[in-house]
Number of protein chains: 2
Amino acid sequence: MQKSNTKISMAVIRRLPKYRRYLEELLDKGINRISSRELSKIIGFTASQIRQDLNNFGGFGQQGYGYNVAALYEEIGKILGLDNVYNTIIIGAGNLGQAIANYTNFEKAGFIPKAMFDINPRLIGLKIRDIEIMDADNIEEYIKENNIDIGIICTDKEHAQDVADKLIKSNIKGIWNFAPTDLNVPEHIMLENVHLSESLYTLSFLLKHNREQEDV
Amino acid sequence: MQKSNTKISMAVIRRLPKYRRYLEELLDKGINRISSRELSKIIGFTASQIRQDLNNFGGFGQQGYGYNVAALYEEIGKILGLDNVYNTIIIGAGNLGQAIANYTNFEKAGFIPKAMFDINPRLIGLKIRDIEIMDADNIEEYIKENNIDIGIICTDKEHAQDVADKLIKSNIKGIWNFAPTDLNVPEHIMLENVHLSESLYTLSFLLKHNREQEDV
């Protein structure tokens, strides 16, 4: 079903989780079939945008029938790699790190938090759910011995690059970065940033200019 | 200096905080002037993209001189509304809400957390820094009496729309939503979402397809 993804724009890729979320809600409601027009109404993209997006991955829709919700949900999950299981560690066991460790939905989606790391002696040895907080000195050894795929950086800006360097040295595959800085990582390491201040400042812009944002 | 913003795309707006962050780092290093080519090297956008983006807001650059870093930094801050002060409340005082309450950089940028709200009796009455956690029953009254501009929703998915409805009734101006759901809000309320799972699933896509993402 799936075509090569090399030409698919990041904008399309970033819309896929949203499609998946809406499809999940439809499944929860027992809806098994939907037209791009109906999907457009609930998701807020135009029907032609939806058809275009989903055509990137092969023909899920059938003229006059619409989309099979379950099949599309599952296929988008596969495209997103959610049929895989990823071992993760969280570096920085403050409030944000703990929030992520406590958020079991990520685990349900296949992102298994194996350990947390911190430099604060008062945190080392504690557990969040059943996830132990370890000494940050042991990050590299732990990654190598436990097949860790993803490092989630929840440290402050000042420590983030040092942590990233340790992750890179240990052959991590991906980094999910919450520190408010841009990390230098080699091209073969996948990096995704959550820059909360950029989101907040966008809201500030919208408030100042009293402007509704279009869906992207 | 500033032209009308009505035609500026959300993509450009979302790049502005990144420009501002890099300009801040240049200022910290004592760099007062930069060409779009040099800026391109450090920020990763093309020089022509940078010129195009910044031309939206009037002519900051001068041929053969480059950009005045301090002036550009300040002007982007103004465009983003960071010369304003916003009163905020955080609804949901779990780890994520506490992480945001503890993150003083938002306060430095003018987003003042006035109170937190929760339904958990064990949290009500506690303080994070000097921010009191109050009973969620009092949200509407509190907003009206304290000129609250922004409600930050850190509840679970199930409570998020109810909270949003209360905020809307109390004439909040903007909502920063961390709950993993899309809220229904009227057009005059500015809404910005942080959907963490969408970011994580994008990383998953990149890992599965071993694909570097382009800057956007």
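The values are calculated or read from the model by the stated rules, or taken from the named source; none is laboratory data. All of these numbers come straight from a predicted model, not from anything done at the bench. Neighbour counts run over all protein chains shown; Cβ positions are idealised from the backbone, glycine included.
Determine whether the range B:108-131 contains at least one residue that is in contact with a His (Cβ under 9 Å, 6 or more places away or on another chain) and surrounded by fewer than 19 Cβ atoms within 10 Å (Cβ to Cβ). Scanning the range B:108-131, I find at least one residue that is in contact with a His (Cβ under 9 Å, 6 or more places away or on another chain) and surrounded by fewer than 19 Cβ atoms within 10 Å (Cβ to Cβ), so the answer is yes. Evaluating B:L207 against the criteria (1) hydrophobic (A, V, I, L, M, F, W, C); (2) facing chain A (nearest Cβ under 9 Å); (3) under 25 Å from B:A99 (Cβ atoms) leaves one unmet condition, (3). Return the residues of the range B:153-184 that are in a loop (DSSP other than H, G, I, E, B) and among the acidic types (D, E); say none if nothing qualifies. Within the range B:153-184, B:D156, B:D182 meet the criteria. From the list A:N56, A:N32, A:N102, pick out the single residue that is touching a residue at least 24 places away in the same chain (Cβ under 8 Å), within 20 Å of B:L203 (Cβ to Cβ) and more than 19 Å from the chain's Cα centre (by Cα). Being touching a residue at least 24 places away in the same chain (Cβ under 8 Å), within 20 Å of B:L203 (Cβ to Cβ) and more than 19 Å from the chain's Cα centre (by Cα) holds for just one of A:N56, A:N32, A:N102, which is A:N56.
Just to be sure I understand, how many residues within the range B:65-86 are of a type in the set (S, T, N, Q) and within 14 Å of the chain's Cα centre (by Cα)? Working first, answer last.
Let us first name the residues in the range B:65-86 that are of a type in the set (S, T, N, Q), namely B:68, B:84.
Still in the list and also within 14 Å of the chain's Cα centre (by Cα): B:84.
So the count comes out to 1.
Each residue in the range A:83-102 was checked for being touching a strand residue (DSSP E or B) at 6+ places or on another chain (Cβ under 9 Å) and more than 19 Å from A:D135 (Cα to Cα), and 3 pass. Do we find that A:S170 is at pLDDT below 95 and buried (at least 16 other Cβ atoms within 10 Å of the Cβ) in this structure? Against the criterion (at pLDDT below 95 and buried (at least 16 other Cβ atoms within 10 Å of the Cβ)), A:S170 does not qualify. Taking B:E132, is it within 30 Å of B:K78 (Cα to Cα) and free of Cβ contacts under 8 Å to residues at least 24 places away in the same chain? Considered against the rule, which asks whether it is within 30 Å of B:K78 (Cα to Cα) and free of Cβ contacts under 8 Å to residues at least 24 places away in the same chain, B:E132 comes out as no.
Quick check on my filter: what residues within the range A:165-184 are more than 10 Å from every other protein chain (Cβ to nearest Cβ) and among the hydroxyl-bearing types (S, T, Y)?
Scanning the range A:165-184 gives a single hit, A:S170.
Residues that are more than 21 Å from the chain's Cα centre (by Cα) and among the polar types (S, T, N, Q) were ranked within the range B:120-163; the one that is nearest to A:K208 (Cα to Cα) is B:N146.
Within the range B:87-97, restricting attention to residues that are at pLDDT below 95 and either under 14 Å from the mean Cα position of the chain (by Cα) or of a type outside the set (A, V, I, L, M, F, W, C) (or both), the residue that is surrounded by the fewest Cβ atoms within 10 Å (Cβ to Cβ) is B:G94. Among the residues of the range A:83-99, those that are at the interface with chain B (Cβ under 10 Å from one of its Cβ atoms), free of Cβ contacts under 8 Å to residues at least 60 places away in the same chain and farther than 23 Å from B:C154 by Cα comprise A:D83, A:N84. Picking from residues in the range B:185-201 that are more than 7 Å from every other protein chain (Cβ to nearest Cβ) and farther than 13 Å from B:K157 by Cα, the one that is surrounded by the fewest Cβ atoms within 10 Å (Cβ to Cβ) is B:P186.
Go through the range B:23-46 residue by residue and tally those that are in contact with a strand residue (DSSP E or B) (Cβ under 9 Å, 6 or more places away or on another chain) and either farther than 15 Å from B:G66 by Cα or in a helix (DSSP H, G or I) (or both). Before the answer, list the steps.
Within the range B:23-46, the first condition is being in contact with a strand residue (DSSP E or B) (Cβ under 9 Å, 6 or more places away or on another chain), and the residues that meet it are B:23, B:26, B:32-39, B:42.
This time we only want the ones that are either farther than 15 Å from B:G66 by Cα or in a helix (DSSP H, G or I) (or both), so: B:23, B:26, B:36-39, B:42.
The total comes to 7.
The residue list A:S40, A:S9, A:S48 contains one member that is without any contact (Cβ under 8 Å) to a residue 24 or more places away in the chain and either closer than 30 Å to A:D118 by Cβ or within 11 Å of chain B (Cβ to nearest Cβ) (or both), which is A:S9. Selection within the range A:135-152: residues that are crowded, with 22+ Cβ neighbours inside 10 Å and assigned to a strand (DSSP E or B). The member of this set that is farthest from the other protein chains (Cβ to nearest Cβ) is A:G151.
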